[in-house]
Amino acid sequence: MQKAITKYGLAAHLALLAVAPLFLFPFCGEAWTARTILWLTLLAAVWTAMEPSRRRDEMLHDARARVALSVARDPLFWFSLVLAGLAAVRWANGGVKMAYDAENAVWSLAEPPLPFLPGGVSGTGCLPFATALALVVLFQACRHALGKSARVVFLFSSSFLAGVAAFVAGVACACGSDRALGLSACPLTDASFAGSAFGLHLMGSMVALAGAFERKWKQSLPLLAVGIGGSAVGLYLFAPDAVILVYALGALLVLALALVYAQARLGAVAVAKCLAFLLVSSLLAVLFAMGAVPASVRDVRFAFLSGGEGGLLPEGFAAMRDALSGIAAKAWREHPWLGTGLGSFGLDIRFNATEADWALFPHGQVGALNGWWQMLAERGIAGTVLFAAPLFFLAWTFALRAAGAVKGALAGSRAAEGILSIHPACGLGVLAVAATAACGFVDHSFWRPETAMAAGAMFAMAGSAFPPLKKKSDGESETEK
């Protein structure tokens, strides 16, 4: 047990950090979620520094030095620290609100105390700051401190914890929790859905499935069944139909990669075992949905398949989305570089919506139905570029490692087998980001901390999951403690 803790403790703590908001969203507000993330970030940073995965014949102090040097040389580390600092500035620079000019009898949008710096509505900056700080640790740990088995443990643990969180949230819905039931209705007033994160962990569980059979973790398979079934339940409960289909497709694509990997490494019998286990896990999700998910949720999910009104998207969705995107575009043109401030889009609607627009919106509309336009409106060009910049760092690493892995496979005597043996975690990172980005055209769930941390960690892990080019002095470079 002690050996397992020291070997996989870092992966488990990173998984707990990434999944923690899923335990809290039906019960706690942003303040408590931010505090939890900050404390878990501290613990994860300590584990990253003190217990990184070790290579073969490597002492722990050598592993610590290697990871510390790699982190110090990583430009993404320093850039992400800058992003966390800017998030702190945005949090401190609150004050955007509606202001009334009594002399001219006119309402206006008040600027933050320092208008030349990123700002936002008071009280909205704490959670984004905590998320940015958590991503600093997740990026570096997944890029430099996790070995091959530890990466599988991270996906295994995060999917299991997400499954437990989904079942807890499902029980809260069954018990009549107003907040949980309200979130399961997936209101379009603020199109931010926790189901997106459950969908990401469902995709990750497909990789964990192949990894568990590869490493013969038979005693842990019931936990993985909870992860697969629970993540599917969470996606079904807390995401609208279109988002469910996107992540379900992503999970099927990742499953295909995992099965190809299992076939190449373990043979056809392992593929059959994976499919049989997946079927059992799916039955767990179906039984829970039939017995515990409220009828109010079951009646609206995929109602169009049984002849219900509307289609894949709710009736009037396109018109409302176009109107909100037009408001966002107008707000962005008035404040192109820094935007109107974090959390200010609900105020932008009040100032820019026409009478025809108000006829389309439900009461209390505060968010757009296109997250990319809302990002431009609230954060401007500068904020959007800074949001996307870490993805370019990660994509650059992914491209370099992918080219090296393919080159190494082609240089071998069995090129096809070498390419098919590339770990499915590599494809998971790309598909996770692609699914999240695609859903951004109908919601803005990518801002949620659980979604950002899951997708960011998976993409950071994707580049490191490629087998590095071996050197004579390195031995088996991906063999960890």
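For a test of understanding, tell me how many lysine pairs in the chain have Cα atoms under 14 Å apart, given they are 8 or more places apart or on different chains.
7
Where the centre of each part is set by its Cα atoms, how far does the stretch 237-271 sit from the stretch 26-67, in angstrom?
Cα centroid to Cα centroid, the span is 29 Å.
How tilted is helix 148-174 with respect to the longest principal axis of the chain? Cα atoms for both, answer in degrees (0 to 90, nearest 10).
Rounded to the nearest ten degrees, it is 40.
What is the angle, in °, between the Cα long axis of helix 2-24 and the longest principal axis of the Cα atoms in the chain? Nearest 10 is fine, range 0 to 90.
20
Ranking request for peptides 133-141, 70-78, 429-437: highest mean number of other beta-carbon atoms within 10 Å first, then the rest in descending order. Before the final figure, lay out the partial values.
On the way: 133-141: 24.9, 70-78: 14.7, 429-437: 21.8.
The most tightly packed comes first, giving 133-141, 429-437, 70-78.
Treating the angle as unsigned and between 0 and 90°, give the value, to the nearest 10°, between the Cα long axis of helix 241-266 and the longest Cα principal axis of the chain.
It is inclined by approximately 10 degrees.
Among (1) 81, 48, 37; (2) 78, 52, 41; (3) 79, 53, 44, find the value of Cα extents along the principal axes in Å that was calculated from the structure presented, and write down its label.
The calculated read-out lines up with (2).
For an R0 of 45 angstrom, estimate the FRET efficiency from the Cβ-Cβ distance between Leu43 and Ala105 and round to the nearest 0.05.
The formula returns an efficiency of 0.25 here.
Report the extension gain between Trp372 and Met59 in nm, rounded to one decimal, defined as 0.36 nm multiplied by the number of residues separating them, less their alpha carbon distance.
So the extension gain works out to 108.0 nm.
Could you pull out which residues in the stretch 85-102 have an amide N less than 16 Å from a spot 7 Å beyond the Cα of Ala382, following the Cα-Cβ vector?
85-96
If the chain between Ser177 and Ala411 were fully stretched, how many nm would it gain, using 0.36 nm times the residue separation less the Cα-Cα distance?
Contour length minus the Cα-Cα distance gives 78.4 nm.
Per-residue HN-Hα couplings for the stretch 134-144, Karplus 6.51 cos²θ - 1.76 cosθ + 1.60 at θ = phi - 60°, whole Hz, x for Gly and Pro?
So the J values, rounded to whole Hz, are 5, 5, 4, 6, 5, 4, 6, 5, 6, 7, 10.
Taking 41 Å as R0, compute the FRET efficiency from the Cβ-Cβ separation of Ser306 and Leu221 and round it to 0.05.
0.75
Every read-out reported here was derived from the displayed coordinates using simple, explicitly stated rules and does not represent laboratory data. The structure presented is a predicted model; accordingly, all values stated were derived computationally and were not measured. Here the Cβ is made from the backbone with ideal geometry for all residues, glycine too, and neighbour counts use every protein chain on show.
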